[in-house]
Every structure is written in C-alpha cells, then in structure tokens.
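Report on the structure given below.
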Amino acid sequence: ADEMSVEQIVDLADHHYRAGHRQEAYRWALLGAEAAERAGGATEMLRLLRRALDLWPQVPHPELSKLDLLRRIQAAAEQAGEQEEELAAVDSLLAILDRDQQPLLATELLLHRNRLQSHIGRAATVDDVWAAARLSAEYPESAEHALAVAGLAADEAWGGVASGPARADEALRLARASGSAKA
C-alpha cells in the first residue's frame, strides 16, 4: 500500500465494502483512514473509521480493540471539528470502559464529555465532574485529578458555592504538583 495514492487506497476500501468482503473492507478502511490522515483529510479518515467500527463485530480477529477504534474515531472527529461525532464516540467509550480498571482514562473521558456538552450547547452534568474527581482521587499526583478538581472548582464558583475559591486553590496546587503543562 506504500506506493498507492490516497485515492487508490480509499477506492480499494470502498470497492471491498461494496463487494461485501468484510475482512478486506475492514482492513482497507483502516489503511484508508491512515492514508487520509497523512494527507490531512480528517473527514475522509472519520468516514472510514466509522465504517471499520460498523464492520468490527463481523471481523473474526480485528487488529484493533473496539476501545482503540473508538479512541481513533474520537481523535478523528476532533480533528474534523465534528463535535457531535466526538461526543458520540466519548459516550460509546464510557459505555464499554471498565472504570475501575482504567480510572484515569475514564476521568479524562468524563471531563471531555462535560466540555463537549457545554460547547455543543447541551446541559453538561456536574455528575460527570464529581465522578471524575472520585475516580482520580486514588491518583492525587495525576494531571487528570488536578483537572477534575479544577472542574469541581469551576462548577462551585459558577454556582456561588462558598467552597469554590478554596477548591480552586487546591486544583492549582495539584496541577503544579502533577508537573503537567496541560493541568
């Protein structure tokens, strides 16, 4: 697939899909998504990754886990500026993720869902932020925990809760301690 153009790879992906060759359609959808990403085609990448997800249950040994595929879709949707798609991917990820096994990823996704809902104009739920803070509490040095506590501080400050400023100070302390530029 190295010497092939993006168009040729995508055409092959579409051909196998139309022909009903599930395994080949899945494989070429992933190859096409990678080629589209290299060429800067976020919308095409997203289309092919969505197809791979549709085909995923019908492929005997998919090379990606459903979680990894959804993470790619989330990233592609973000690149394409498709916030509704991104939110759908985050919802799907949270539905299949074992929060006890991957508490920091769950924390990141809960906070991200909260932000996306605000951007889209949907009512964001404080429940996600509280759940994120609870999940990440066992990892007080993590950037995720600092971000979760910052989310709580923001909700409290906006809601006029007296503990807001103290929680904001705590979030700042945690962010500095995490050493994360993002936090």
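The values are calculated or read from the model by the stated rules, or taken from the named source; none is laboratory data. Note that the structure is a prediction, hence the values are computed from the model and not measured. A quick note on method: Cβ atoms are made from the backbone with ideal geometry, for glycine too, and the neighbour counts reach across all protein chains shown. Ligands, DNA and RNA are stripped out before the accessible areas are found, and what is left, the full protein with its side chains, is counted by its heavy atoms. Shrake-Rupley method; radii C 1.70, N 1.55, O 1.52, S 1.80 Å.
Data for the structure
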| quantity | calculated |
| --- | --- |
| The range 48-108, relative contact order in percent, only Cα pairs under 8 angstrom and at least six apart counted | 26 |
| Trypsin sites (Lys or Arg not before Pro) within the range 75-125, DSSP loop, no more than 14 other Cβ atoms inside 10 Å | Arg122 |
| Order by protection proxy (mean Cβ within 10 Å, highest first), peptides 75-85, 173-183 | 75-85, 173-183 |
| The chain: relative contact order as a whole-number percent, Cα under 8 Å and 6+ apart | 11 |
| Label point at Val161 placed 7 Å out along Cα→Cβ; residues across the range 133-147 whose backbone nitrogen lies under 14 Å | 133-134 |
| q = 0.11 Å⁻¹: log10 I(q)/I(0) that the Debye formula gives for the range 17-85, counting C-alpha atoms only | -0.23 |
| Per residue accessible area of the chain, 1.4 Å probe, in Å² | 55 |
| Label-point separation, Ser118 to Arg176 (7 Å along Cα→Cβ), nm | 2.3 |
| Helix 66-80 vs. the chain, principal-axis angle (Cα, 0 to 90°, nearest 10) | 80 |
| Against the rule of thumb 2.2 N^0.38 Å, how large the Cα Rg of the chain comes out | 1.23 |
| The chain - percent of accessible surface contributed by carbon and sulfur, probe 1.4 Å | 50 |
| Qualifying GluC sites (Glu not before Pro) in the range 13-74, DSSP loop, other Cβ atoms within 10 Å at most 16 | Glu63 |
| Neighbour cut-off at most 12 other Cβ (10 Å), DSSP loop, GluC sites (Glu not before Pro), the range 117-183 | Glu138, Glu141 |
